[in-house]
Every structure is written in structure tokens, then in C-alpha cells.
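Reviewing the structure listed below.
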Amino acid sequence: MEKELSSDNTGPIYEALMRISLALNSQLDLSDVLNQVIYYTRLLTGAHNASIVLWNAKKKMFERGASTTEVGDTVAVRVRRTSGATRWIIDHAKPFVVPDTAHDPFIANRMLPENSIRAYAGVPITRESEVLGVLYALSYQNRQFDLDELKWMQELAGLAAIAISNARMLKSLQELSAFKDAMRRMAAHDLRQPLSIATLYLEMAMIERGTLSDEQFSSLQTAAEALNRMETMIKDLLDYERLTAEGDVVRQPVNLNDIVVQAVSNFAAHAAQKSQQLKTETAPRAPIVNGDPVLLLEAVGNLIANAVKYTQNGGRILVSLSSDEESETLSVRDNGPGISPSDMQNLFQPFRRRKEKGKDHGTGLGLSLVKVITEQHGGEVSAESTPGQGSTFSIHIPREAGLIRNRAGGPA
């Protein structure tokens, strides 16, 4: 890389900066970004060494850094907060050059003689008028840094500012996601214990009805239903957390005919309460896939539960299986009210609920769980619906074991 940039055949310096920009923004880790910046600073200026320090304006301190000298990433700790060239550059947002550290207008930091630095040039790293830090080119010999070199350093500092901001933003998003996951787990686990106690005492009161009036007993039933809904919501939250965590899916040959029969059996009573026809069409040839039977049963169960919930009394629900050359398809079709185009757009997103009056929509995690489970088996989930004419949800799972992917995205 160094030879390419210093060669007469490399083209304009801006071409080099373009390549540097691509290299910097391909880095997602802040430490990698800082190390790349000082590497390219040496290349562009021909300096013996380079350093970078990042400034935290709220804390009034330098918090991260990197250096090609022996100081390494401890450079930020050793930079003075309240005096010296680095703080001057931060406060004035201007470059500063010292061609001979023997005549440094500031009291030289001990890092300079320790690392045999005789000259340096520093430029501010700014992003939208905010100074993020300082970039240095360091020389073992007395030297002037000309205007072109300062210009290239400022260009590089501008590219660095973008890459640093991107890396920080990514880290913040990762930390926020981890925090939300932790809060969701804590809330779900901590809610379970008081919920179990409340449910137990409520069931005891309903069993020993005693002198309760019909109105009082009806109120207890309403409370029991509310607790059951809450328990379902907590279960969905825990399932979503468990299934979206990294890890391998347990795999074994699974006959989807068996999954369909079991799932329909689990919801037969619910459908009967609404006088619905819940039927199955199994495949004549055993549709075998490589997967986790518990997770597949949960995915199919969620689709059937949705169909039972949204289909009117006396409606029809069909759970069927079909095959093509590459995959097995399991479909749940109903003749319910269908789904509006606005709901179809975000159907499989977590915590999204269908907009329909008078319906209990739970957490909005059911279909997102179906999507997660299906993708963990290397498959896809799809939905078709016409308002007023019903809906069809389909899970497509490849038969070949080689197509199955684990949760981390690698081959099974």
C-alpha cells in the first residue's frame, strides 16, 4: 500500500483519499478506525510516526487514542487536559505546527523526548462544528510541514471524523439493543413470580366460591382472564428473547405431517368453542426436513392460533402441506376478515399489532416468532390476504440439510 501511494503512477492524491475513505468506513470497531487513521497519516505525510486522541467535551478529558510510537493506545491518558498543544487545537479548532520541539511555545509533553520527536503537526478532527479530537504527524527530525501536507492531514481528519462517528453510533446502537434485551428479560422474569401468586389465590377463591354472588364471581373470572393474557404476553417475550439469542438449533429429521397433526390437535378445542372447522391436508409422501420439532410445532401453532383468533364464529381453517423440488411448504388458510394493506407492510415485525376493533392482540410477537423460527431453519415465511376473503400464511423450509443455517448465520 505504501509503495502504491508514493508511486508516480498512483494518480491524484484525491484518488488515494477516496481509497482511504473506503478503507476507514469499512471498519466497524473504533480501535480499528483509529489505527487505520494513524497508518494513513504516516503514508500521506511521510512522517516517522502518528498519533490520534479523541476528546470528550462533556467530561473535559481525552478518552481514547492510538499511536504508532511506543506509547500506543495510552496516548490519551498522557495528554494534558488543560494546557499544551493538543488542548490548544481543541479549543481553537485550528492546526498547529512545531518544526522544532526545542523551541516549542508550549511546555513539551514528556512523550515527545521519550519517543525522540523533534517536530510535529496537529490538526483538529471536526464533525458538524464539534471537535472530536486531534490528529498528529510526528517526526524524528526538525522539519516544516508545508501547506499541502496540512491540507492532506485535514482531509484525512475529515474522513476520520465520519468513520469515528459511524463507529460510535454502531457501538451505541449495540449497547442500546443489549440494554433493551436485558430489560425485556428482567421484566418478563420478575413479572412471573407475582403473577403466579396472584393466579394461585384467584383460582382458590373461585374453587371455594362460598358466599360470592354471581356478579362477584364474574368479576373474578374477568380478572383470571386478564392474568392469563398477561401470562401469555410474558411467555411470548421470553420466547422471543430465547429464539433471537445466538446459538444452534437442535436438528433431527422431522416429519411435517406429524407436526401438522399435533398442532391441529392442540387447537381443536379452541376452534370448537367458536364452531370453526379446523381441518388438515397432510402430504401423501412424508415431508421430511432437518430441524427442531419443538420450534416447528411452536411456529405452526402460532399461525393456527392467529387464524382461530381472527376468523369469525363458524369460519373455516385449513392447515395443508405441499412440496416442490427444493422445499416443503406448510400453509394455514382461513376465510376470516383478511388483513388490510397497511397491516401487511409490517406483519412480521416484532411488537406490531393488527388494527381491528374488539380484538385482543397480545404482544404482537406471534408472527415475528414464526419468522425467526422459519429463518433459523433456512426457510422463508410469506403471507397473502384479501380484505374480506381471508388470509394464507405459509412456511417454506428447504429439504436439503446443507441449506439449513444456524442462528449465527453459518452452515449447520
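The values are calculated or read from the model by the stated rules, or taken from the named source; none is laboratory data. Owing to the predicted nature of the structure, the values given are computational and were not obtained by experimental measurement. A quick note on method: Cβ atoms are made from the backbone with ideal geometry, for glycine too, and the neighbour counts reach across all protein chains shown.
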Considering residues that are outside any loop (DSSP other than H, G, I, E, B) and surrounded by 15 or more Cβ atoms within 10 Å (Cβ to Cβ), the number found within region 87-106 is 8
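To keep it simple, each residue is scored yes or no on (1) basic (K, R); (2) touching a Ser or Thr at 6+ places or on another chain (Cβ under 7 Å); (3) without any contact (Cβ under 8 Å) to a residue 60 or more places away in the chain.
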residue: T45; (1), (2), (3): no, no, no
residue: N49; (1), (2), (3): no, yes, no
residue: K59; (1), (2), (3): yes, no, yes
residue: T74; (1), (2), (3): no, no, yes
residue: R81; (1), (2), (3): yes, no, yes
residue: P95; (1), (2), (3): no, no, yes
Condition check for V308: surrounded by 18 or more Cβ atoms within 10 Å (Cβ to Cβ) and in contact with a strand residue (DSSP E or B) (Cβ under 6 Å, 6 or more places away or on another chain):
no
Those strands (runs of 3 or more DSSP E) completely within region 269-337 that have 1 or more residues that are under 34 Å from the mean Cα position of the chain (by Cα) and outside the structural domain of D239 (by TED's automatic domain parsing) are 288-291, 316-323, 327-334
The condition of being farther than 28 Å from D29 by Cα and either assigned by TED's automatic domain parsing to the domain that holds Q36 or under 32 Å from the mean Cα position of the chain (by Cα) (or both) holds, among Q141, Q154, Q174, only for Q141
Right, S275: touching a Gly at 6+ places or on another chain (Cβ under 7 Å) and free of Cβ contacts under 8 Å to residues at least 40 places away in the same chain or not?
-> yes
For M233, the lone unmet condition from (1) outside any helix (DSSP H, G or I); (2) modelled with pLDDT under 80; (3) touching a Leu at 6+ places or on another chain (Cβ under 9 Å) is (1)
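Of all residues in region 26-70, which are among the hydrophobic types (A, V, I, L, M, F, W, C), assigned to a loop (DSSP other than H, G, I, E, B) and farther than 17 Å from R127 by Cα?
L28, A47
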The residue from S331, S327, S323 that alone is surrounded by 17 or more Cβ atoms within 10 Å (Cβ to Cβ), at pLDDT below 90 and within 30 Å of R285 (Cβ to Cβ) is S327
Verdict on A57 being at pLDDT 85 or above, crowded, with 23+ Cβ neighbours inside 10 Å and either not assigned by TED's automatic domain parsing to the domain that holds R127 or not hydroxyl-bearing (S, T, Y) (or both):
no
Does A160 qualify as being among the small types (G, A, S), within 21 Å of A47 (Cα to Cα) and assigned to a helix (DSSP H, G or I)? yes
Given the conditions (1) out of contact with any strand residue (DSSP E or B) (no Cβ under 6 Å at 6 or more places or on another chain); (2) touching a residue at least 12 places away in the same chain (Cβ under 8 Å); (3) over 19 Å from S382 (Cα atoms), every one holds for L295 apart from (3)
Residue hits (region 173-216; closer than 30 Å to R64 by Cβ and either in contact with an Asp or Glu (Cβ under 9 Å, 6 or more places away or on another chain) or at pLDDT 80 or above (or both)) are D181
Y120: passes all of (1) farther than 16 Å from T68 by Cβ; (2) touching a residue at least 24 places away in the same chain (Cβ under 8 Å) but (1)
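One line per residue, one yes/no per condition, for (1) of a type in the set (K, R); (2) in contact (Cβ under 8 Å) with a residue 24 or more places away in the chain:
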{"site": "H103", "(1), (2)": "no, no"}
{"site": "M111", "(1), (2)": "no, yes"}
{"site": "P124", "(1), (2)": "no, yes"}
{"site": "R127", "(1), (2)": "yes, yes"}
{"site": "Q144", "(1), (2)": "no, yes"}
{"site": "W152", "(1), (2)": "no, yes"}
{"site": "A157", "(1), (2)": "no, yes"}
{"site": "L176", "(1), (2)": "no, no"}
